[in-house]
Each structure stands twice: as structure tokens, then as C-alpha cells.
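Reading through the C-alpha cells given below for one structure.
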Amino acid sequence: MSLLDYFRTSKGGSASLAKERLQILVAHERSSRNQPSYLPQLQRELLEVIKKYINVDQEAISFNFEQDDNQETLELNIILPDYQAKNS
Amino acid sequence: MARIIVVTSGKGGVGKTTTSAAIAMGLAKKGHKTAVIDFDVGLRNLDLIMGCERRVVYDFVNVINGEASLNQALIRDKHCDLLYILPASQTRDKDSLTQEGVGKILEELSKDFKYIVCDSPAGIEKGAHLAMYFADDAFVVTNPEVSSVRDSDRMLGLLSSKSRRAEQNEEPIKEYLLLSRYAPDRVKLGEMLSVDDVQEILSLHLLGVIPESKSVLNASNSGTPVILDEKSDAGQAYADIVARYLGEDKPHRFIDEKKGLFGKLFGSK
């Protein structure tokens, strides 16, 4: 590294921020790309059914769809409100 | 059989038409009979970049509708006898293109041409879809900038799911990265994504880097594809890209900063 480089790299650049944001975004968009198209609607309808019995909101339900060579897994995770909170 | 290349990006203004014109000219100059087709129905511009805007009589849509023959619509390039341009229609809308019509034209062209370059419109609508649907190879033109990189990744998703090769379970489209408007000095300052950054995010095979260059505007001003400006950096970058695509081994250039006298005196390499 030359003396010139030393002065230049000390200046703040925004490229690393761009890279970080893109890596997160692209990973997220790629994972949702392979999901079946019915998934968002399935999620909405399931939420409605669950809401009939338990008072949960959107964030309490998470879907995870995974795919490998010979199987597809749909994982549904519901966080139930805790007992104390319900009774207070 | 012809090889069909789509030049695509998702985002507008990244250099799709400049690239289409340059690589089509490059392939033809290397002795391959090449056709370049403008898929941007309603907003045609390839004719202007190729400098044949005053010779357009019939267009792509005329041929699809049977109002003109392919030979009547193809314009022979004034610089190279092996290069032909099929302009888009300026007056119709994008729905004038049909998958069947496009397929028929590409099949007919395939009998006579070695390479068919499809200049895709921006966006992911019908014109862009049809431009890539029949492709064998995809040149993904990307600028080192967040929205362009994201849109390129979106296009990669479409290439692998919504193309003929994907639908018929054939070997997938070969995808290549063309990084354009690259400014090595800004990369060095940490102001611009580097070629390594973009490759890491998109995981694509790099076909070449085209530096930000005044020669691109000069070329479009005069209607001559920039690859004919052999002295210019962008022209040389496109010539390298064509050579690499054809299997020649060319080391990558234009990735590092050009050093001025000051840099040469004080730089380490």
C-alpha cells in the first residue's frame, strides 16, 4: 500500500453499506422466490382461523419453507400469548 | 442453428441498448452473421444507436402480423455486411408482441443467422419477458449501484423460472455479468461497489467490465456502436467481451484505476 492509498482509504465510503444492505435484501428475496405462490394466502387464511380461537397477531406466526433435493418442508410456528398476560 | 442472446437488466438506463448494439457489431465483425432485434415496442431506440433510424420501413410487429416479410423488415448495417437490425414498432403497444409470433420469427432467423441478439426493454412486462423467453444465453447488464444490482437479481430469478428452457426442463440459460459504467477511482475511494462485491452478491460469471466513458455518449450521438471506436476504453471493453464470449482467453481490464503521472510516481504498483 502506498502513501497515497493511506490517505485515500481513510476517507469514508458508502460502498460497504451498499454491499451489506444488498446482501441481506438479495438473500431475503431469493428465499421467497422459491416459495410456492399460494404461501401468502395460506398464511393469511391460517391466521384468520387461529385468531378465532386465540388472540394472536401477525408477528406471532412465522412460516418457513425449505426445499432440498427430495423434500419440501413447510414449518409453521405460532407463539401463543403467555398465561399471565392473558389473565392480567 | 443460431444462438439466441438476450441483453437484459430489469432496470432502465444501465446500457442495454448500447451493449446490444456493441456486441451485435462485435460478433458480426468477427465474421458471424448476426441479427439484433429491438423488443422495446413503443419506445424503440436501437435504430438510433445503430444509426439506421432513417432507413426503417417495416418493423418487428409488421412481420408478426404478416404485413411484411422478414427480409423486407431487416435493415442491413452500413458498417458491416453480416449485421442486420430488426427495429421495434414505434406506434403499436407492447401487446402486439405474442409468444407465438416472436417464436416464429426467431425460428426463421435461426436458419440463416449465427447469433440473434435480443435487446430487452426495461421492466419485467411482456416485452422483457418475450425478449428472454427463447434465449440460450443472457447478458445481464448491471451498474455498480444498489437498485441495478437488486433488479439484476430479480431478472436472474425470472430467467431461471419463466423461460422456455426452464419450462421445458432443458439445460438452463447461461448467464453472464456485464458490469457497466464502472469507475475504478470511485471504487478505490470506497464510494462505489467493486466488481468483486457485485459478483459476490449475484454469483454470476463475469464476462467483462465496461468503464464509465465519454465515448459512449459520443457513439450514440453519431449513431455508431461504441465498439467501432477502437481507441476508446469502452470500445475495447466490448471487443474483449465479444472475444471472451467466443471463447478467447482475455484477461480482464478496466477494473483498476488508470494511473496518472502522480500515481505512477507515488503508487506502489
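Miscellaneous remarks
- Cross-link reach is defined here as a Cα-Cα straight distance under 14 Å, omitting same-chain residues fewer than 8 places apart; for A:LYS19 the aspartates and glutamates meeting it are B:GLU145, B:ASP153, B:GLU191, B:ASP196, B:ASP197, B:GLU200.
- Judged by the mean number of other Cβ atoms found within 10 Å, the most tightly packed of the peptides B:34-45, B:89-100, A:70-81 leads the ranking B:34-45, B:89-100, A:70-81.
- Averaged over the residues of peptide B:184-190, the number of Cβ atoms from other protein chains lying within 10 Å of each residue's Cβ is 4.
- Gyration tensor verdict on the protein assembly as shown (Cα atoms; rounded if a/c is under 1.5, prolate if a/b is larger than b/c, oblate otherwise): oblate
- Cross-link reach list, lysines versus B:LYS258, counting only Cα pairs under 16 Å and skipping chain neighbours closer than eight places: B:LYS188, B:LYS214, B:LYS231, B:LYS269
- Taking a Cβ cut-off of under 11 Å around B:SER20, the surrounding Lys, Arg, Asp and Glu residues balance to a net charge of -2, with basic ones at +1 and acidic ones at -1.
- Accessible area of the protein assembly as shown divided out per residue, in Å², using a probe of 1.4 angstrom: 54 Å²
- Under a Gaussian network description of chain B, with springs only between Cα atoms under 10 Å, the residue in B:MET132, B:MET50, B:MET192 that fluctuates furthest is B:MET192.
- Taking every lysine pair in segment B:10-168 that is 8 or more places apart or spans two chains, those with Cα atoms closer than 14 Å amount to 7.
- Counting protein heavy atoms only, the protein assembly as shown has 49 percent of its accessible area on carbon and sulfur, 1.4 angstrom probe.
The values are calculated or read from the model by the stated rules, or taken from the named source; none is laboratory data. Quantities reported herein were computed from a predicted structural model and do not represent experimental measurements. Neighbour counts are summed over all protein chains in view; Cβ atoms, including those assigned to glycine, are modelled from backbone coordinates with ideal geometry. Areas reflect the complete protein model, heavy atoms only, side chains present, ligands, DNA and RNA absent. Shrake-Rupley method; radii C 1.70, N 1.55, O 1.52, S 1.80 Å.
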